[in-house]
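Below is one structure, written out as structure tokens; comments come after it.
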């Protein structure tokens, strides 16, 4: 009987404390646990900062750094005929030619290019066969709209075209990383030789 009284008294004490604490100020948010998790210790980017000589929190990156996902080709070779020709003259594929990278280039081509250019690069993709769009030139026998044979396109010219697009072909720099574009360039060279 004594244990029952102790348990009842304990329960009543806890229940009373809960009720009394709930009847406090209705605007109070209660106790805060680990207040430093709510108040940031770090400086905001636009806040003055005494740790730097120019008193700015947001600092410029060091010279020569490349932000994640940044594509230097966009800066160095603009979307002009001069940029296209300069890319064709000076850019070469930095991706090593291996069976794995060629296989990945083929898969990327199939997913991103074959619907217009066709599986073999003859300009007979599924979008063209519907009849709503003119066919792109064949990689092996066609002529480029910018001049010259498609089979003679260099790494840089193909990369520039994938990056910026040309005529009805839209730019693919936001859908494909530079490495993926270079792998497609590698596979397009295979299609240029195929016929």
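The values are calculated or read from the model by the stated rules, or taken from the named source; none is laboratory data. Every value quoted in this text rests on a predicted model; they were computed, and no experiment measured them. FYI the Cβ positions are ideal-geometry reconstructions off the backbone, even for glycines, and counts take in every protein chain you see.
A few notes on this one:
- Residue match in segment 135-148 (condition: over 17 Å from residue 182 (Cα atoms) and touching a residue at least 60 places away in the same chain (Cβ under 8 Å)): yes
- Against the criterion of being under 20 Å from residue 76 (Cα atoms) and either buried (at least 17 other Cβ atoms within 10 Å of the Cβ) or at pLDDT below 90 (or both), residue 157 qualifies.
- Some residue of segment 79-98 being under 15 Å from residue 184 (Cα atoms), without any contact (Cβ under 8 Å) to a residue 24 or more places away in the chain and surrounded by fewer than 18 Cβ atoms within 10 Å (Cβ to Cβ): yes
- Members of segment 126-158 that are outside any helix (DSSP H, G or I) and over 27 Å from residue 80 (Cα atoms): 130, 131, 132
- For residue 179: the one exception among (1) surrounded by fewer than 21 Cβ atoms within 10 Å (Cβ to Cβ); (2) on the phi > 0 side of the Ramachandran plot: (2)
- The single condition from (1) under 19 Å from residue 192 (Cβ atoms); (2) surrounded by fewer than 16 Cβ atoms within 10 Å (Cβ to Cβ); (3) under 23 Å from the mean Cα position of the chain (by Cα) that residue 174 fails is (1).
- Any hit, segment 108-123, residues being free of Cβ contacts under 8 Å to residues at least 24 places away in the same chain, farther than 22 Å from residue 186 by Cβ, touching a helix residue (DSSP H, G or I) at 6+ places or on another chain (Cβ under 6 Å) and outside any loop (DSSP other than H, G, I, E, B): no
- Within segment 92-107, considering residues that are part of a loop (DSSP other than H, G, I, E, B) and under 21 Å from residue 140 (Cα atoms), the one nearest to the chain's Cα centre (by Cα): 93
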